[in-house]
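Colleague: Okay, here's the structure, questions in a sec.
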Amino acid sequence: MFDAEEAYLLRLFIDEDDRCAGKPLYEWIVLRAREQGLAGATVLRGMMGYGANSVIHTFKIEQLSSGLPIVIEIVDAREKLEAFLAEINDKIPSGLATLERVAIRLYRSARGKDKPSR
C-alpha cells in the first residue's frame, strides 16, 4: 500500500518497437516496476507523435503503423522512482523521461473485497 498524499509521476515516452530481454520494452519496464514494488504503472499507446528526430509516427488505416509512441506512467515516492529510472536507464535506446509532483486523492485496492455491481 502506498500511504502518501503527495507522490511523483514518472512518465516515459518510448517507441513501441523498442525491445528488452526478448519482449517489448514497455512490458519489461512494467514487470520491473512491479518487481521493485512501485505503487502502480500504466501503458498508453499513442495514435500519433514524433520525438527528437522529428519523424511523424501515426496510425492510419491506409498506412502500416510502426513505431507508434508508447507512454508509461508510474507513480510512487520520488526516491523510489529516481532509483528505478537509474536502473532502467541503459535499457531505453531513445525516448524521454519526465518526473513531476502529483497529489494523490485516491489509491485503494479492490483485492479481497466484493466489487460493486454495475
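Colleague: What do you get for Rg/Rh over the range 6-103 if you use C-alpha atoms and the Kirkwood form of Rh?
Modeller: 0.99
Colleague: Could you list the GluC sites (Glu not before Pro) in the range 1-45 that lie in coil according to DSSP, counting only those with at most 12 other Cβ atoms within 10 Å of their Cβ? Walk me through the numbers on the way to the answer.
Modeller: Details: sites: GLU5, GLU6, GLU16, GLU27, GLU35; in loops: GLU5, GLU16.
When the GluC sites (Glu not before Pro) of the range 1-45 are filtered for loop state and at most 12 Cβ neighbours within 10 Å, GLU5 remain.
Bear in mind these aren't lab numbers, they're just calculated from the coordinates by the rules spelled out. This structure is a prediction, so every number in the text was calculated from the model and none was measured. Positions of Cβ are generated from backbone atoms using ideal geometry, with glycine treated the same way; all protein chains shown enter the neighbour counts.
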